[in-house]
Structures are given as structure tokens and as C-alpha cells.
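The values are calculated or read from the model by the stated rules, or taken from the named source; none is laboratory data. All figures in this text were calculated on a predicted structure; none of them were measured in a lab. Note: ideal-geometry Cβ built from the backbone for every residue, glycine included; neighbour counts use all protein chains shown.
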Amino acid sequence: MRCNLLHFLGKKEYFFLLFFSINNPVFSQSQKQDSLQNIINKNIQDTLHAKALLNLGINLERSDLKGSTENYWALLKMKDDASFEKFKVSAAIRLAGNYSAIGVLDSVDYYFAKAEKIIQANPNDQKLVYTLYNGKGIHYNRIGKFEQALASYEKAIKLDHQAIGLDNVGGLYINLSNVYKQMDNQQANFDATYKALDIFDKTQNKTGLAYVYNSLGTAHYHIKIYEESEKYLLRSLEYRKLLEDKRGESMVIGNLASIYMDTKQHLKAQEYFTMAMEKQEELGLKEMVGIQLYNLGKNYSEMEEYEQALIHFQKAQQVLKEAGISTYDAKILADLGKTQHMLSQEKEAYKSLVAASESAVNQKQLGDAITAFKNLKEYYQAQGKFKEALEAQVLEYAYRDSIGIGALQAQLKELESTYALDLKENEISLLKTEQELDRAELAKRKAKQNLTIVIFSFLILIAGILVNKYRIVGRTKRLLEVEKLRNSIARDLHDDLGSTLSSIHILSQMALQKEGTPDKNLFSKINNQTANMMDKLSDIVWSIHPNNDTLEQLLSKMQEFVAEILEPKGITYQFEIGEGAAHIKLDLEKRRNLFLIFKEALNNAAKYAESKHLDIKLKMEGGKLNLLIKDDGKGFDQEHIKKGNGLFNMQQRASMMGGNMVIESFPNMGTTIQLSAPIA
């Protein structure tokens, strides 16, 4: 559940897997496998034998791909008989699916053609036609032919739902959601997922629910709601283990690893990616092995172990190429080029980055195109090729604009759907209450007084639920409006103003490169000012983004700023955080003012104090947040301080926080700044 999308625009691109299998309601249970094997061992060569071979092949698909394939072969070798034809069609289609999973594409085409030949003799059997369309859709999606995949699924959806079975309809919606996810159509992705959930919730199909929970997990991951994502994935993993679905289990483990990587738990992510890959190697799933190799490369890159990252990216390329999979070319090439640039392999980096952008555009993968052009822009800037950098940036923002609005709609759709599920749970709870009251009425039918009390209590309960429902509706609407506004502001600031400033910055660098330019000093000032404005813009965007509401996020940014300002000047520092301070929550205005006071104080200490060491302490006492910044620099005389040094603004911001700030400084005795402000 990547998409936000909302900060998909700037997110790290690595693979978060959905499932690739033909949905079916048959559960992989050891007891059932033994029963089917007993029928096959009798070798009676009748329809019961054929059905047992097919069902055992289906059961083994998720745990023993080789055994599954052997059962399908045995079924296809049975004598030509009209009563066997529907079983042979299913076997041929599933054989195509098995070969698709391990990347043997010639065999895929052969077995699909074999199935179509048998179906031509049975054109009115909608169950067989459904199986063919669904199988083709899964294969086309796997190899990146998304339009053909959609066309196959849509043909299957139009068939008689009663004839093909409600569980299979739910499976089609899950497969459709995966295609929409690959095509960056997040609204359609959510719609299809919740349709599938509605069906499997009614039928209580454990296989279907395992897939839906995985899909919901990927959807929440995509919009960076990691806690919810992990919850859904762990629920899916429970079902996979219950069903002995080794393939699905390995896929969900890989998805969990992606969460751990995104939340900076790199060692845990490495452990889970490796665990997933080993299970997939055992099953012979080349595509998934290639994906886990790529994910391991991303994890090494995040850890700044670029040599290992390069090795894993190249291995991923090789494995996926052998499997005939081109879906992930743009992603891998973009990160491969960035890694080669970090290792100063400039010629190889340029070749990879250009190939990444071309692949993303050709395959219409908008999210991958954003990453590819962003990496290419950064490469050109590092090489001093500012004209080319500007062209790459224009393309980057063009692709951002094309999916930005859809991403916001997808997030709101997800929130609304989640709320709808909450209401559904309330309705179920109410239904249970009604059933309990009905039983109480039957038990006390002769006691009119007690019956009256029960009915009265029931009416009070209904009234309470209705009142609570309308409160939830009002609160949810307000939260959605605020969330929409904040995300809209953050996106507009970043995309529109950020793009303009970045362009000016690049143009001024181009002007400075030209010898003999009359206005070189002026352009130099423009360059400095735009760089400063971009820095301030970054602070504004960060401060208003909903994901940064906790003080823990602010502390992380403050620590990064301290290191960035003091370490290049050789100034040592100690940053002490009091117990419990990291978990309090500040409103938008207080968070912004606190950071700007801190930033101004650090800048003053670094630029003017000539200090060698700073002590920084942040703690919570008596419902107040206390910040202390002390340096051992030359200090100053507060009676003769010049205007415009920022101290007045710091005092004003402290007042806006409802607190106060005390500044103590004497010549040659350092400076101490103490801020105290209420949390609420």
C-alpha cells in the first residue's frame, strides 16, 4: 500500500511487491495434498484422476514449483478425451504461469497457444475463458506490457460473475489493482483493492484476504504511513504461513524489508531482503530474486556502501535480463547511474542515466521518469553542464506535475475508504448488539417490565452510536480539509517556487562561467541570494509538512543543521536531549519558530563568536520546553549591539511562542541563550 504517493515525487525508488499469481480458492494444506496424491497413485486415468492432478498442481504452486509443473505435465499427457479438456486447459494456462514466474518466455507462449486451441472447441465455457484471460493478464503485467494486461483483465471482468465465481472476481480486482499501481494510477489502484476486500470479506476466502492485506500494506507504504503498512503486511504474512504459501510469504517478507529500509533500519532490512531472496531462489523465481538483489543494492546505497550497491544493481540487471523482464529497467539504471557517479565512474554513470530516462519515457512509467531526470539533472550540475541540467529539470517537473494531483486524490481516497471501513465495523457491532437484544427479548417475553427496560436501553444505545457517528464524520471531514490544505501548500511551494528558484540558480551559474561578462558581480549576488532563498524555502516546506509534526523529526533536522554549520569550522559541540522531549508534539507555528530561533543562534555563534565549543541542551520541565545554547566565544556588549543581527527577531519569535528568551553575554566571556516556552 507509495503510493503518499504524496511525497512519491521525492521518495526513494525501490521495489515494493504485490502478488503475481492466478487467484484461486484452493488452500495449500498438507492433509489435502496427501489425499490428492492417493487418488493419483491409483492411476485410474478418469476425470477424478485428472481433477486430482490439476488441484495438486495448484496447491504446489506456492511451495513447490517443480512439483506443480510435473503434475500439469502429467495431466496434459493423458489420453485425448472430451471429459478431460477443461482440466487440460487449466493445466496449460497454469503451466504458462509457472514458466512466466521463472522467466522461460518461449514456453509461456507455447502453453497459452495450446490452451487457446482447446478453448476454441468450447467457446461457451466462461470459466475456461476467464482462466485464460486472467493468466494472460498476470503474464503481461509481469513483463511490463501493462495495456495488454488491462485489456485481458477487463475482458475477464465482463464475463458472467456467477459463472466464474465470486472469489475469482475478487482475484481479478486484486490483479487489476497491481497493474494500476505499476501505471501510477493510484485512485484506480485503491478502488480495485477495496472492491476485492469487499468480496473476500463476504466469502471469507483466506487466500484472497492474504492478497488484499498485502495490497493494502503496499498502498499505505506508498503514502508513507509505515505503521499501518506494517500492520496489514503482518496480517497477510499470518495468512501466508497458515496456507503454507511459501512464494507469498517470501514476497511479504520482502515488502516488510522495504519498510525497514525506508525507516532507516538498514541492518534489519538487509536481513529481511536476504531472507526473502533465499526463499525465492529455492522456488526458482528469477523475477523476485532480481527484485531483492535490487532492493539490497538500494539498502547498501542508503548505508553509503557504494561498491556493494554497484555489485547488487549489476546482479539484478543480469538476473532480470535472463528472465526476460524489462519492467524494472528504468529504476535499476537510474540508481546504477547515481551509484557510478558516487564512485567517480562518470562515463558509465552518464550512459546509465540517459538509458534510465529513455526507458522510463518509453514504458510510460511516470514515477521512474521523475527519478531518472532528477538523477540526470544532479549529474549535469556536478559536471558544470548547467544548460543540460536545466533541460533535465524541466522534464523532471513536467512529469511531477502529471502525477501530483492524482497522488493527492489517491491519498484522500485512501483516507475516505479507511473511514468507510470504520463505519462498516460500527454497523457490524450494532448488528451484534441487535442480535443479543433479540435473544434477551425471547428469554424475558413474559416480563413486560424488563422488556420495556431492554428496549429503552437499546434506543439509548442507538442514539449514542448515531451521535458518535456524526461526530466522527465532522471530525474526519475537518482533518481531511486540513490535510489537503497542508499538502497542497507544501506541493505548490516545492514544485512551483522551488522550480523557479532552482532555474534562476542554474542560469546564474551559467552566466558566471562566461569570461568577460559585464554584470558578473551582479550575477554573483543573484546566485548567492537564490541559494539562500532555496535554503529558506526548504525550511518552510519541511516545517509545514504533516509528516514532521513531532519534535522527534525537528530534533533530527536540528542535529543535521548543527553538524552542517559547526563541523566545517572545526567547532566542537555537545547536543543533550532530555528524557521524553523527543516525543512531544508542537503545533506548526511553534515548531517553525523554535527551529528559526535555533538556526539564528547557531549562525551567530558560527559567524561572529569565534568560539571553539558549544553546549546545546533541550529538555521539558513543568509543561515547558527549555532550550539552552552556550558558547565559549568572544561575547559582546549588549549595550552597543548593532541592529540587524537577528537578536530582535529571536526575541519576537520567543514571544510568539508564548514564552521568553534571556540572552547573557559579556566581552571575552561567551554568550548564553535560554528559551523557555509552553508546549500547549
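Some notes on this structure:
- For beta carbons closer than 8 Å, sequence separation of 6+ or different chains, a first residue in the range 262-291 that is over 20 Å from GLU230 (Cα atoms) and a second that is of a type in the set (Phe, Trp, Tyr), the qualifying pairs are GLU287/PHE20; GLY290/TYR328.
- Matching residues in the range 549-574 - criterion: being under 11 Å from PHE598 (Cβ atoms) and of a type outside the set (Lys, Arg): LEU554, LEU555, MET558, GLN559, PHE561, VAL562, ILE565
Per-residue answers, yes or no, for (1) touching a Gly at 6+ places or on another chain (Cβ under 9 Å); (2) not small (Gly, Ala, Ser):
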position	(1), (2)
LEU551	no, yes
MET558	no, yes
GLY580	no, no
ALA601	yes, no
GLU610	yes, yes
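- Applying the condition of being of a type in the set (Lys, Arg) and under 16 Å from the mean Cα position of the chain (by Cα) to the range 208-260 and asking which residue is surrounded by the most Cβ atoms within 10 Å (Cβ to Cβ) yields LYS224.
- Residues of the range 151-168 that turn out to be crowded, with 20+ Cβ neighbours inside 10 Å, at pLDDT 85 or above and of a type in the set (A, V, I, L, M), as a count: 1
- Filtered residues of the range 82-96 (kept if among the small types (Gly, Ala, Ser) and either surrounded by fewer than 20 Cβ atoms within 10 Å (Cβ to Cβ) or under 12 Å from GLU287 (Cβ atoms) (or both)): ALA82, SER83
- THR263 surrounded by fewer than 24 Cβ atoms within 10 Å (Cβ to Cβ), hydroxyl-bearing (Ser, Thr, Tyr) and closer than 30 Å to GLN33 by Cα: no
- Residue within the range 300-313 that is within 30 Å of TYR180 (Cβ to Cβ) and of a type in the set (Asp, Glu) present: yes
- Within the range 340-383, the set of residues being surrounded by 23 or more Cβ atoms within 10 Å (Cβ to Cβ) and part of a loop (DSSP other than H, G, I, E, B) comprises just one member, GLN365.
- Residue match in the range 172-190 (condition: polar (S, T, N, Q) and over 27 Å from TYR399 (Cα atoms)): no
- Output for the range 50-77, where each listed residue is under 14 Å from ILE39 (Cβ atoms) and outside any helix (DSSP H, G or I): none
- Exactly one residue out of GLU388, GLU441 is more than 24 Å from the chain's Cα centre (by Cα), at pLDDT 80 or above and of a type in the set (Asp, Glu), and it is GLU388.
- Residue among LEU159, LEU216, LEU176, LEU234 that alone is more than 29 Å from ASP329 (Cβ to Cβ), in a helix (DSSP H, G or I) and hydrophobic (A, V, I, L, M, F, W, C): LEU234
- Residue in the range 594-605 that is assigned by TED's automatic domain parsing to the domain that holds GLY570 and surrounded by fewer than 16 Cβ atoms within 10 Å (Cβ to Cβ) present: yes
- Counting only residues that are under 27 Å from LEU343 (Cα atoms), among the aliphatic types (A, V, I, L, M) and crowded, with 22+ Cβ neighbours inside 10 Å, the range 271-318 holds 7 of them.
A quick yes/no check of all residues on (1) assigned to a helix (DSSP H, G or I); (2) touching a helix residue (DSSP H, G or I) at 6+ places or on another chain (Cβ under 7 Å):
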residue: GLY248; (1), (2): yes, yes
residue: VAL252; (1), (2): yes, yes
residue: ALA257; (1), (2): yes, yes
residue: LYS264; (1), (2): no, no
residue: GLN270; (1), (2): yes, yes
residue: GLU278; (1), (2): yes, no
residue: VAL289; (1), (2): yes, yes
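Okay, residues lined up against (1) farther than 17 Å from TYR328 by Cα; (2) of a type in the set (Val, Ile, Thr):
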residue	(1), (2)
LYS246	yes, no
ASN255	no, no
SER258	no, no
LEU267	yes, no
THR274	yes, yes
VAL289	no, yes
ASN295	no, no
GLU302	yes, no
